[in-house]
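Only one structure is covered here, and it is reproduced in the block below.
The values are calculated or read from the model by the stated rules, or taken from the named source; none is laboratory data. In this text, all values refer to a predicted model and were calculated from it rather than measured experimentally. Here the Cβ positions follow ideal geometry from the backbone for every residue, glycine too, while neighbour counts run over all protein chains shown.
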Amino acid sequence: MKKITSPTPLYEKVVEQLKLSIIQGVFQKGDLLPSELALAKEMGVSRITIREALRLLNEAGIIETIHGKGSIVKVGNNELLQHGAYDQFLDNFKRSTHIRLMVEPEFAREAARCATEEDLANIKKCLVNPENTEVLFHQEIIRSLHEPLLLQWLDELFVLETEMSLKWLVMPAEQKETSEQIQLQHTKIYKAIARHDPEFAYFHMKEHLLYVKEIYENFFKLFL
(Lines give C-alpha, C1' and ligand atoms only; values in the text may rest on other atoms or scores of the structure.)
Protein backbone atom coordinates (compact mmCIF):
# COMPACT_ATOMS: atom_id res chain seq x y z
CA MET A 1 0.00 0.00 0.00
CA LYS A 2 1.15 3.51 -0.68
CA LYS A 3 1.24 6.56 1.51
CA ILE A 4 -1.81 8.75 1.15
CA THR A 5 -1.65 12.45 0.27
CA SER A 6 -4.93 13.90 -0.98
CA PRO A 7 -7.42 16.74 -0.44
CA THR A 8 -10.11 14.07 0.01
CA PRO A 9 -10.73 13.26 3.72
CA LEU A 10 -7.91 10.94 4.68
CA TYR A 11 -10.10 8.38 6.39
CA GLU A 12 -12.07 7.96 3.14
CA LYS A 13 -8.84 7.33 1.26
CA VAL A 14 -7.83 4.75 3.85
CA VAL A 15 -11.20 3.03 3.39
CA GLU A 16 -10.68 2.97 -0.39
CA GLN A 17 -7.14 1.65 -0.04
CA LEU A 18 -8.14 -1.15 2.33
CA LYS A 19 -11.07 -2.14 0.10
CA LEU A 20 -8.71 -2.23 -2.85
CA SER A 21 -6.29 -4.43 -0.91
CA ILE A 22 -9.12 -6.90 -0.23
CA ILE A 23 -10.20 -6.86 -3.88
CA GLN A 24 -6.63 -7.54 -4.97
CA GLY A 25 -6.24 -10.38 -2.49
CA VAL A 26 -3.60 -8.67 -0.36
CA PHE A 27 -5.95 -9.23 2.58
CA GLN A 28 -8.22 -12.25 2.35
CA LYS A 29 -11.33 -13.34 4.21
CA GLY A 30 -10.37 -14.31 7.75
CA ASP A 31 -7.08 -12.38 7.73
CA LEU A 32 -6.15 -10.19 10.67
CA LEU A 33 -5.34 -6.68 9.46
CA PRO A 34 -2.10 -5.04 10.60
CA SER A 35 -2.33 -3.02 13.79
CA GLU A 36 -3.53 0.59 13.77
CA LEU A 37 0.04 1.71 14.38
CA ALA A 38 1.40 -0.38 11.50
CA LEU A 39 -1.29 0.84 9.09
CA ALA A 40 -0.75 4.45 10.14
CA LYS A 41 2.99 4.17 9.51
CA GLU A 42 2.57 2.42 6.16
CA MET A 43 -0.01 4.91 4.85
CA GLY A 44 1.55 8.00 6.37
CA VAL A 45 -1.54 9.05 8.34
CA SER A 46 -2.47 9.32 12.02
CA ARG A 47 -3.85 6.49 14.15
CA ILE A 48 -7.02 8.57 14.59
CA THR A 49 -7.51 8.50 10.81
CA ILE A 50 -6.93 4.73 10.71
CA ARG A 51 -9.34 4.22 13.61
CA GLU A 52 -12.10 6.16 11.82
CA ALA A 53 -11.57 4.20 8.60
CA LEU A 54 -11.72 0.89 10.47
CA ARG A 55 -14.91 2.03 12.21
CA LEU A 56 -16.56 2.69 8.84
CA LEU A 57 -15.41 -0.65 7.45
CA ASN A 58 -16.70 -2.38 10.56
CA GLU A 59 -20.11 -0.69 10.20
CA ALA A 60 -20.24 -1.79 6.56
CA GLY A 61 -19.61 -5.40 7.57
CA ILE A 62 -16.35 -5.58 5.65
CA ILE A 63 -14.26 -6.16 8.76
CA GLU A 64 -15.01 -7.10 12.35
CA THR A 65 -13.09 -5.29 15.05
CA ILE A 66 -12.62 -7.39 18.19
CA HIS A 67 -11.37 -5.65 21.31
CA GLY A 68 -7.98 -6.95 22.34
CA LYS A 69 -7.47 -8.86 19.09
CA GLY A 70 -7.76 -6.45 16.16
CA SER A 71 -9.71 -6.23 12.91
CA ILE A 72 -10.56 -9.34 10.91
CA VAL A 73 -11.57 -9.29 7.23
CA LYS A 74 -15.12 -10.64 6.95
CA VAL A 75 -15.56 -10.68 3.15
CA GLY A 76 -13.60 -12.02 0.21
CA ASN A 77 -12.81 -10.06 -2.93
CA ASN A 78 -15.75 -11.57 -4.86
CA GLU A 79 -18.17 -10.64 -2.08
CA LEU A 80 -16.82 -7.11 -1.90
CA LEU A 81 -17.06 -6.65 -5.66
CA GLN A 82 -20.62 -7.96 -5.67
CA HIS A 83 -21.58 -5.34 -3.08
CA GLY A 84 -20.84 -2.38 -5.32
CA ALA A 85 -17.09 -1.94 -4.97
CA TYR A 86 -16.61 -3.32 -8.49
CA ASP A 87 -18.39 -0.38 -10.13
CA GLN A 88 -16.28 2.16 -8.25
CA PHE A 89 -13.10 0.20 -8.92
CA LEU A 90 -13.88 -0.04 -12.64
CA ASP A 91 -14.88 3.62 -12.88
CA ASN A 92 -11.65 4.76 -11.21
CA PHE A 93 -9.64 2.52 -13.50
CA LYS A 94 -11.26 3.85 -16.68
CA ARG A 95 -10.82 7.44 -15.56
CA SER A 96 -7.18 7.13 -14.53
CA THR A 97 -6.17 5.04 -17.54
CA HIS A 98 -7.79 7.43 -20.00
CA ILE A 99 -6.05 10.45 -18.49
CA ARG A 100 -2.68 8.75 -18.12
CA LEU A 101 -2.68 7.62 -21.74
CA MET A 102 -3.35 11.20 -22.80
CA VAL A 103 -0.65 12.89 -20.76
CA GLU A 104 2.10 10.56 -19.54
CA PRO A 105 3.59 9.86 -22.98
CA GLU A 106 3.86 13.64 -23.36
CA PHE A 107 5.56 13.85 -19.96
CA ALA A 108 8.09 11.23 -21.09
CA ARG A 109 8.67 13.19 -24.29
CA GLU A 110 9.32 16.37 -22.31
CA ALA A 111 11.57 14.52 -19.85
CA ALA A 112 13.71 13.40 -22.79
CA ARG A 113 14.18 17.06 -23.66
CA CYS A 114 14.92 18.50 -20.24
CA ALA A 115 16.05 15.78 -17.79
CA THR A 116 19.36 16.58 -16.10
CA GLU A 117 22.03 14.05 -15.18
CA GLU A 118 20.72 14.08 -11.62
CA ASP A 119 17.19 13.43 -12.88
CA LEU A 120 18.40 10.53 -14.99
CA ALA A 121 20.25 9.04 -12.03
CA ASN A 122 17.08 9.17 -9.93
CA ILE A 123 15.02 7.50 -12.66
CA LYS A 124 17.68 4.82 -13.11
CA LYS A 125 17.58 3.99 -9.38
CA CYS A 126 14.03 2.76 -9.90
CA LEU A 127 15.35 0.17 -12.35
CA VAL A 128 18.08 -1.27 -10.16
CA ASN A 129 16.47 -1.05 -6.72
CA PRO A 130 13.81 -3.76 -6.22
CA GLU A 131 12.32 -1.74 -3.37
CA ASN A 132 11.21 0.94 -5.81
CA THR A 133 7.75 0.55 -7.25
CA GLU A 134 5.90 1.14 -10.48
CA VAL A 135 4.61 4.34 -8.91
CA LEU A 136 8.06 5.69 -8.05
CA PHE A 137 9.36 5.15 -11.58
CA HIS A 138 6.62 7.36 -13.00
CA GLN A 139 7.02 9.86 -10.18
CA GLU A 140 10.71 10.30 -10.95
CA ILE A 141 9.97 10.95 -14.62
CA ILE A 142 7.47 13.63 -13.70
CA ARG A 143 9.82 15.02 -11.03
CA SER A 144 12.36 15.57 -13.81
CA LEU A 145 9.97 18.16 -15.27
CA HIS A 146 10.39 20.22 -12.08
CA GLU A 147 6.67 20.97 -11.74
CA PRO A 148 5.62 19.98 -8.17
CA LEU A 149 1.90 20.26 -8.93
CA LEU A 150 2.21 17.45 -11.46
CA LEU A 151 3.39 15.09 -8.72
CA GLN A 152 0.30 15.83 -6.64
CA TRP A 153 -1.86 15.20 -9.66
CA LEU A 154 -0.18 11.87 -10.41
CA ASP A 155 -0.61 10.73 -6.82
CA GLU A 156 -4.38 11.04 -7.23
CA LEU A 157 -4.35 8.90 -10.37
CA PHE A 158 -2.23 6.24 -8.71
CA VAL A 159 -4.88 5.33 -6.13
CA LEU A 160 -5.27 2.09 -8.09
CA GLU A 161 -1.95 1.49 -9.71
CA THR A 162 0.89 0.31 -7.55
CA GLU A 163 3.41 -2.42 -8.04
CA MET A 164 1.58 -4.47 -5.43
CA SER A 165 -1.71 -4.07 -7.25
CA LEU A 166 -0.21 -5.24 -10.54
CA LYS A 167 1.24 -8.26 -8.78
CA TRP A 168 -2.13 -9.28 -7.39
CA LEU A 169 -3.99 -8.72 -10.66
CA VAL A 170 -2.25 -11.57 -12.47
CA MET A 171 -2.17 -15.28 -11.81
CA PRO A 172 0.76 -16.45 -9.63
CA ALA A 173 2.24 -18.40 -12.53
CA GLU A 174 2.31 -15.20 -14.62
CA GLN A 175 3.66 -12.81 -11.98
CA LYS A 176 7.35 -13.34 -12.77
CA GLU A 177 6.81 -12.85 -16.51
CA THR A 178 4.68 -9.75 -15.92
CA SER A 179 7.27 -8.24 -13.59
CA GLU A 180 10.04 -8.89 -16.11
CA GLN A 181 7.99 -7.35 -18.92
CA ILE A 182 7.31 -4.20 -16.91
CA GLN A 183 11.00 -3.98 -16.00
CA LEU A 184 11.91 -4.25 -19.69
CA GLN A 185 9.41 -1.54 -20.61
CA HIS A 186 10.73 0.75 -17.88
CA THR A 187 14.26 0.21 -19.17
CA LYS A 188 13.24 1.18 -22.71
CA ILE A 189 11.57 4.34 -21.42
CA TYR A 190 14.62 5.26 -19.35
CA LYS A 191 17.07 4.66 -22.19
CA ALA A 192 15.04 6.84 -24.56
CA ILE A 193 14.95 9.65 -21.99
CA ALA A 194 18.67 9.23 -21.21
CA ARG A 195 19.67 9.58 -24.86
CA HIS A 196 17.31 12.57 -25.16
CA ASP A 197 15.08 10.92 -27.75
CA PRO A 198 11.62 12.49 -27.25
CA GLU A 199 9.75 10.41 -29.82
CA PHE A 200 10.95 7.03 -28.58
CA ALA A 201 10.32 8.12 -24.99
CA TYR A 202 6.74 8.93 -26.01
CA PHE A 203 6.34 5.65 -27.88
CA HIS A 204 7.71 3.40 -25.13
CA MET A 205 5.68 5.13 -22.41
CA LYS A 206 2.49 4.66 -24.39
CA GLU A 207 3.40 1.03 -25.06
CA HIS A 208 3.92 0.49 -21.32
CA LEU A 209 0.64 2.12 -20.30
CA LEU A 210 -1.29 0.03 -22.83
CA TYR A 211 0.29 -3.10 -21.35
CA VAL A 212 -0.74 -2.09 -17.83
CA LYS A 213 -4.23 -1.29 -19.13
CA GLU A 214 -4.44 -4.82 -20.55
CA ILE A 215 -3.52 -6.30 -17.15
CA TYR A 216 -6.40 -4.47 -15.50
CA GLU A 217 -8.86 -5.34 -18.26
CA ASN A 218 -8.03 -9.04 -17.97
CA PHE A 219 -8.60 -8.81 -14.22
CA PHE A 220 -12.02 -7.18 -14.66
CA LYS A 221 -13.12 -9.90 -17.08
CA LEU A 222 -12.98 -12.38 -14.20
CA PHE A 223 -15.96 -10.64 -12.59
CA LEU A 224 -18.18 -10.14 -15.64
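Within the bounds of the stretch 197-205, is there any residue that is under 20 Å from the mean Cα position of the chain (by Cα), modelled with pLDDT under 95 and surrounded by 17 or more Cβ atoms within 10 Å (Cβ to Cβ)? No, the stretch 197-205 contains no residue that is under 20 Å from the mean Cα position of the chain (by Cα), modelled with pLDDT under 95 and surrounded by 17 or more Cβ atoms within 10 Å (Cβ to Cβ). The test for being in contact with a helix residue (DSSP H, G or I) (Cβ under 9 Å, 6 or more places away or on another chain), modelled with pLDDT of 85 or more and not in a helix (DSSP H, G or I) holds for His146.
Conditions tested, residue by residue: (1) aliphatic (A, V, I, L, M); (2) more than 15 Å from Gly76 (Cα to Cα).
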position	(1), (2)
Leu10	yes, yes
Lys13	no, yes
Leu18	yes, no
Ile23	yes, no
Val26	yes, no
Asp31	no, no
Ala38	yes, yes
Glu42	no, yes
Ile48	yes, yes
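Taken over the stretch 58-71, the criterion of being hydrophobic (A, V, I, L, M, F, W, C) and surrounded by 16 or more Cβ atoms within 10 Å (Cβ to Cβ) is satisfied by Ile62, Ile63.
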